[in-house]
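Heads up: the structure comes next, in structure tokens.
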Amino acid sequence: MAAIKVSVETLKCFDPLASLSGVRLQELSELCVVETAVRATDPFHLRSLAGQSAYVLGGELALAYGRGGSQVIVGGSAEARQPLGKRRQFESAKAVTDVQLIRIDDDLLDIMLTWDQVAVQEGSHTVQPAERPASGADWGSMSGLFGINNLRFGAFSQLPSAHIDELLRRFERVEAKAGEVIIREGAEGDYYYLVESGRCQVERMIGGVSMTLAEIKSGDTFGEEALVSEARRNATVTMKSDGGLLRLSKQDFNALLREPLLHGVNMEQARQKVLEGAQWIDVRYPSEYQYDGLPGARNIPLSEIRNAFGVLDMGEEYIVYCQSGRRSSAAAFLLAQRGYHVFVLEGGLWGGDRLA
């Protein structure tokens, strides 16, 4: 079978795909392909349809049902708009002509439909003014943190379904001008931010000199470290251009994001996970790690944890620790947002017995 990419216009020909927003359809077009099954073959013989939605794009496909029933699905027909076998299961299939099929992972599609429907509800003008979300954001057009990879593997993949609607509702949208300081180093943590549009610059005082650490763009987040670790802001974030920010209060952040994403283990549980293959990550400074780091631990200071994104193996489990659990909680949250399987050692090294 040969495989070719699928266009957005092609996806609009099928249900319920046609209901998805343009952003979601563009993402989906990059995640599915067209398969060609030659005449007289069963396209599902070697690769079953389990866990997938399949559509006939072109050609004619004969389906055999129980008790002698049968049907021929023709590409481009009204019947071809529906996924094969979802309404009525078939026992076998045979290509009457060469057939072009599109396959889509059911779980992927369900996530897209769920978030898009919530986004439509949140952006609807039919709700009462008092019930409208504070953000006023067009969630259906958001990418970045709300991109499909994050919805499948990142922060929002771990959220209880009941939290989705409430989370989007609690975000507040604020306009920001170039040069405006959004958070200042040393201040108390009050909000978690998502950049809807524009760019920000992250700076920190090092040796009495302000050093630029990073640039934040649309879809990126900031402000979570102070909220998770219950510490003061460790950097200053300034707008580099005019833009829009979505912010979530500390109280809402803790209830709707922090709690679902942070998974703690005690020392005994951590010890067992390490025996089963999990890896320690020490997020303290090298001078601390050198003094009493756990055997086999990898030292990645909290200030450098973002540099580990894409370097750490997504298939591994990690247990993050520090002295008290404060810095490790912030690091664990940052990793969990990116889809890593991560646990935080409750109470840190001060909270339990050391490993021998």
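The values are calculated or read from the model by the stated rules, or taken from the named source; none is laboratory data. What you are looking at is a predicted structure, and each value in this text was computed from that prediction instead of being measured. Here the Cβ positions follow ideal geometry from the backbone for every residue, glycine too, while neighbour counts run over all protein chains shown. All accessible areas refer to the heavy atoms of the entire protein, side chains included, with ligands and DNA or RNA removed. Shrake-Rupley method; radii C 1.70, N 1.55, O 1.52, S 1.80 Å.
Data overview
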| quantity | calculated |
| --- | --- |
| Helix-only mean residue ellipticity at 222 nm for the chain, each DSSP H run of n ≥ 4 adding -39500 (n - 2.57), per residue, nearest 500 | -6500 deg cm²/dmol |
| Cα-based helix-to-principal-axis angle, 326-337 vs the chain, degrees rounded to 10 | 20 |
| In nm, spacing of pseudo-spin labels at residue 230 and residue 187 (7 Å Cα→C-beta vector) | 2.2 |
| Angle between the chain longest axis and helix 106-123 axis [Cα atoms, degrees, rounded to 10] | 70 |
| Extended-chain gain in nm, criterion 0.36 nm per residue less alpha-carbon gap, residue 19 and residue 39 | 4.0 nm |
| Per-pair calculated FRET efficiency, R0 = 56 Å: residue 317 and residue 78 via Cβ, rounded to 0.05 | 0.70 |
| Among 265-277, 184-196, the order from most to least packed when residues are scored by Cβ within 10 Å on average | 184-196, 265-277 |
| Degrees, to the nearest 10: 161-170 long Cα axis against longest axis of the chain | 60 |
| Accessible carbon and sulfur surface of the range 232-305 relative to its total accessible area, %, 1.4 Å | 44 |
| Accessible surface, per residue, of the range 183-242 when the full set of protein chains is kept, probe 1.4 Å, Å² | 46 |
| Separation between Cα centres of the range 68-108 and the range 225-263, rounded to whole Å | 46 |
| Computed Rg/Rh of the chain, alpha carbon atoms with Kirkwood Rh | 1.06 |
| Other-chain or far-sequence residues with amide H under 5 Å of residue 343's (modelled H) | 318, 319, 320 |
| The range 303-356 - convex hull of alpha carbons, volume per residue in Å³ | 83 |
| Peptide ranges 43-51, 251-259, 335-343, 198-206 listed from the most packed, as the mean C-beta count within 10 angstrom indicates | 335-343, 251-259, 198-206, 43-51 |
| For the range 297-311, Karplus couplings with θ = phi - 60° (6.51, -1.76, 1.60), whole Hz, Gly/Pro x | 6, 9, 8, 10, x, 3, 5, 10, 4, 5, 5, 8, 4, x, 9 |
| For residue 57, distant residues with modelled amide H under 5 Å away | 100, 101, 102 |
| Carbon/sulfur fraction of accessible area - the range 36-84, other protein chains in place, 1.4 Å, % | 52 |
| Counted charge near residue 99, where neighbours are those whose Cβ lies closer than 11 Å (Asp, Glu -1; Lys, Arg +1) | -2 |
| Order by protection proxy (mean Cβ within 10 Å, highest first), peptides 95-106, 4-15, 74-85 | 95-106, 74-85, 4-15 |
| Whole-Hz ³J(HN,Hα) from phi, Karplus 6.51 cos²θ - 1.76 cosθ + 1.60, for the range 250-267, glycine and proline x | 4, 4, 5, 4, 4, 6, 9, 10, 4, 4, x, 8, 8, 10, x, 9, 7, 4 |
| Phi to ³J(HN,Hα) by Karplus 6.51 cos²θ - 1.76 cosθ + 1.60 over the range 19-26, Hz, x for Gly, Pro | 7, 6, 5, x, 5, 5, 4, 5 |
| Aspartates and glutamates with Cα under 16 Å of residue 86, excluding same-chain neighbours fewer than 8 positions away | 15, 105, 106, 107, 110 |
